[in-house]
Amino acid sequence: MENHKTLFKCSDNNFPVLLTKLLRGEVCIETLIIMDRYIEFVQKWNINIHETYLWPSIKTKLLKYKPFVKYDTVKFKQILLDTINEHKA
């Protein structure tokens, strides 16, 4: 299991683990959008991901879909904090 920092890290011209999980269907786009509201990783990824085929369309989809994703902010924030604390390494 990856720790919370490696999920978001771009390294060696590879996609971050979390983005790979999205592409594999292991994580849904809504989850990434909600997480980005708290952790703000999409703009960091945009700076560090130099791939020009998949990433630009994924980023556009994330940004355009973001205003339409509704959720219980208190509940999700607690789930996110619990998950991060559970996987600290």
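Worth pointing out:
- Looking only at residues in the range 14-29 that are in a helix (DSSP H, G or I) and not basic (K, R), the one that is surrounded by the fewest Cβ atoms within 10 Å (Cβ to Cβ) is L23.
- Entirely in the range 33-89, the helices (runs of 4 or more DSSP H) that have 3 or more residues that are closer than 16 Å to F15 by Cα and free of Cβ contacts under 8 Å to residues at least 24 places away in the same chain: 42-48, 54-65
- Among residues of the range 30-70 being surrounded by fewer than 14 Cβ atoms within 10 Å (Cβ to Cβ) and among the aromatic types (F, W, Y), the one that is modelled with the lowest pLDDT is Y38.
The values are calculated or read from the model by the stated rules, or taken from the named source; none is laboratory data. Everything numeric in this text was worked out from a predicted model, so none of it was measured. Reconstructed Cβ throughout: ideal geometry from the backbone, glycine too, with neighbour counts over all protein chains shown.
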